[in-house]
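Quick notes on the structure that follows.
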Amino acid sequence: MSTVALSPPIEKRIERPGRFILLLRYLRRNKGLALGVVILLGLVAFTVIGLMTVDLKQAYPLSVAAKKPPSWKYPFGTDFFGRNLLAAMVVGMWQTAFIGVFAGGLGTLIGVVLGFISAYFGKWIDATIRTVCQILTPIPVLLIQVVIAGSLDKRDVTIVTMALIVVLLAWMGPTLVIRAQVLTMKERQFVAVAKLSGVSDLGIIFKEILPCLLPFIAAAFVAQVFSAVFAAFYLAVLGLGPLREPLLGNIIWAAQSQGAFFNGWWWWPIIPSVAMILILGSLALINMGLDELANPRVRRSE
């Protein structure tokens, strides 16, 4: 009697979707984050294309005919000082992006380093960093920035100077956020197992804890970029920025000082105001979306 050998059952492989597919699914579910990303990409495309196609010399005074309304030749019009507002917007958007990314990135980096040092090593180091943050946090940041910017000679104020003024107290928020998260993570079982396995402190920080906190760090970075852009805009509107540079806030400040609305030059303050609303709105939407991604308590299910 012949016997038939039964082959072992074939296991079905469950293929997990890639990270890009998961990101697309999350963007489809989180409409606010998707809208913020689309607006921000549009602003980036406008700036990049403008830098390659527009004569950037026209972003500065006495380069074109003054007080011209929007037309085919000057799509955004010109201002009282003879600047092509299209060129000024391109340069101003680039300068705004530089201040936001530089100040936001540096503030986030300092905050992450201090947060990890404070929470992981504890003792007097934690007490010192926590005390400094608790003392400085109630101080109005914008007031300090106004005092510092106002005390500088206007000829010494540059884009880099503004970024450094903005970043002075930008590290406190990320420090407290990362510190709280590291305090929670260091008590997890996988950290204890890594310590028992002889992994060094730096190995635990960079290989075990840091990868788990990347969503929080990304959310903190976007929040700091938002704060930096707003602070730069606020200082420029008050006339405390580099006056010759076409920062968006400088354009609005100049329009106010020359009575643009009363003289019928409506396009002069309107265009940079709309651009700033789009920048801050997109960053706010992205920040809320990343916060939902990083915080399981507010994360929505599929």
Original post:
Quick one: accessible area per residue over the range 231-287, 1.4 Å probe, rounded to a whole number of Å²?
Top reply: 40 Å²
Original post:
Cα-based Rg (one decimal) and Dmax (whole number) for the range 24-126, in Å?
Top reply: 20.9, 66
Original post:
Where the accessible area of the chain is counted over protein heavy atoms with a 1.4 Å probe, how much of it, in %, is carbon and sulfur?
Top reply: 68 percent
Original post:
So, in Å, what gap is there between the alpha-carbon centers of the range 253-293 and the range 212-229?
Top reply: 22 Å
Original post:
How many nm separate the modelled label positions at residue 202 and residue 284, each set 7 Å beyond the Cα in the direction of the Cβ?
Top reply: 4.3 nm
**OP:** Please give the direction-averaged projected area of the C-alpha convex hull for the range 174-228, in square nanometres with one decimal.
**Re:** 3.8 nm²
Original post:
Which value at 222 nm does the chain reach when only helices count, each DSSP H run of 4 or more adding -39,500 (n - 2.57), with the total divided by all residues and rounded to the nearest 500 deg cm²/dmol?
Top reply: -21000 deg cm²/dmol
Original post:
With axes computed from alpha carbons, what is the tilt in degrees of helix 267-294 against the longest principal axis of the chain, rounded to the nearest 10 within 0 to 90?
Top reply: 10 degrees
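Determine by what factor the alpha-carbon radius of gyration of the range 71-143 differs from 2.2 N^0.38 Å, reporting the quotient.
Working it through for the range 71-143, the quotient is 1.90.
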Subject >> For peptides 234-245, 75-86, sequence by mean Cβ density within 10 Å, most packed first >> reply: 75-86, 234-245
**OP:** For helix 85-121, report the angle its Cα long axis makes with the longest principal axis of the Cα atoms of the chain; keep it between 0 and 90° and round to the nearest 10°.
**Re:** 40 degrees
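Could the peptides 108-121, 146-159 be put in order, highest first, of the mean number of other beta-carbon atoms found within 10 Å of their residues? Each step should come with its number before you reach the end.
Numbers: 108-121: 20.6, 146-159: 13.1.
Put in order of decreasing packing, that is 108-121, 146-159.
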**OP:** Give the dimensionless ratio obtained when the Cα radius of gyration of the chain is divided by 2.2 N^0.38 Å.
**Re:** 1.31
**OP:** Determine the principal axes of the Cα atoms in the range 145-279, then give the extent along each, sorted from largest to smallest and rounded to whole angstroms.
**Re:** 74, 31, 18
**OP:** Assuming R0 = 45 Å, can you tell me the calculated FRET efficiency for the pair residue 188 and residue 148, based on Cβ-Cβ distance, to the nearest 0.05?
**Re:** 0.65
Original post:
Pairing the Cα long axis of helix 31-53 with the longest principal axis of the chain, what angle in degrees results, from 0 to 90 and rounded to the nearest 10?
Top reply: 50 degrees
Subject >> As computed over the range 233-289, the Cα convex hull volume per residue (Å³) >> reply: 77 Å³
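The values are calculated or read from the model by the stated rules, or taken from the named source; none is laboratory data. Just so we're clear, the structure is a prediction, and the values are computed from it rather than from any experiment. Heads up, the Cβs are rebuilt from the backbone with ideal geometry, glycines too, and the neighbour counts pull from every protein chain shown. Remember, those area values only see protein heavy atoms, side chains included, never the ligands or the DNA or RNA. Shrake-Rupley method; radii C 1.70, N 1.55, O 1.52, S 1.80 Å.
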